[in-house]
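Asks: The following block contains the structure, expressed as structure tokens.
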Amino acid sequence: QLTAFVSSCVSHERLRPEFDFDCLLEHAGDRQHMLEVLLRQSESDKADLEKALATGDREAMRSVSHRMVSAWSFLEADRLIDRLRNVLLDETAEDRIVRDEVERLVYATACLIEDVRTLIGMEK
């Protein structure tokens, strides 16, 4: 039973996140431009998270995740960031837990980048 429970938890961690672009693009006059801005920012966020992960810089992790909240809330995906932000609020959180949460958010950001690139291609 324990193995099944742990397996179910681990398998849920790498499920591909879904993003809802409707709210973000609903009132965008230039959808293409909005998507390109989101793409650039997401690429920057991902690179900054990876750098913070490599150095173990929790303050940088806090800063990047805070910066991401606004756009991700429009995508109805801010819950994906909340887990990391909650772990980072706990000064006693083990490095392994922080690393796992950052890696999960890096993966989600990579998925977002892929989705945005697909949408940009469809807009052309």
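The values are calculated or read from the model by the stated rules, or taken from the named source; none is laboratory data. Treat the numbers as computed from the prediction; the structure is a model and nothing was measured. Cβ: placed from backbone, ideal geometry, glycine included. Neighbour counts: every protein chain shown. Calculation scope for accessible area: heavy atoms of the full protein, side chains included, ligands and nucleic acids excluded. Shrake-Rupley method; radii C 1.70, N 1.55, O 1.52, S 1.80 Å.
Asks: So for the chain, averaging the separation of alpha carbon pairs under 8 Å that are six or more residues apart and normalising by length, what relative contact order in percent results?
Replies: About 37 percent, as a whole number.
Asks: Using the heavy atoms of the protein chains alone and a 1.4 angstrom probe, what is the accessible area of region 59-104 per residue in square angstrom?
Replies: 57 Å²
Asks: Over the alpha-carbon set of region 41-124, divide Rg by the Kirkwood Rh and report the Rg/Rh ratio to two decimals.
Replies: 1.00
Asks: Quick one: if you stick a label point 7 Å off each Cα along the C-beta vector at GLU123 and ASN86, how many nm between them?
Replies: Label-label distance for GLU123 and ASN86, simple model: 3.3 nm.
Asks: Note the angle between two axes, namely the Cα long axis of helix 95-123 and the longest principal axis of the Cα atoms of the chain, as a number of degrees from 0 to 90, rounded to the nearest 10.
Replies: 20 degrees
Asks: Separate question: Say each of ARG104 and ARG40 gets a label point 7 Å from the Cα, pointing the same way as Cα to Cβ; how far apart are those two points in nm?
Replies: 3.2 nm
Asks: Once the Cα atoms of helix 31-55 and of the chain are each reduced to a long axis, what angle between those two axes, in degrees from 0 to 90 to the nearest 10, is obtained?
Replies: The angle comes out at about 20 degrees.
Asks: Would you calculate a helix-derived [θ] at 222 nm for the chain, using -39,500 (n - 2.57) for each DSSP H run of n ≥ 4 and dividing by the full residue count, to the nearest 500?
Replies: The helix-only estimate for the chain comes to -27000 deg cm²/dmol at 222 nm.
Asks: Scan the chain and report its longest stretch carrying no GluC sites (Glu not before Pro) that are both in a DSSP loop and have at most 16 other Cβ atoms within 10 Å.
Replies: 19-75
Asks: Simple spin-label model, 7 Å along Cα-to-Cβ: LEU15 to ARG31 in nm?
Replies: 2.7 nm
Asks: Shifting gears a bit: For the pair GLU50 and ARG96, what calculated FRET efficiency results from E = 1/(1 + (r/R0)^6), where r is the Cβ-Cβ distance and R0 = 22 Å, to the nearest 0.05?
Replies: 0.80
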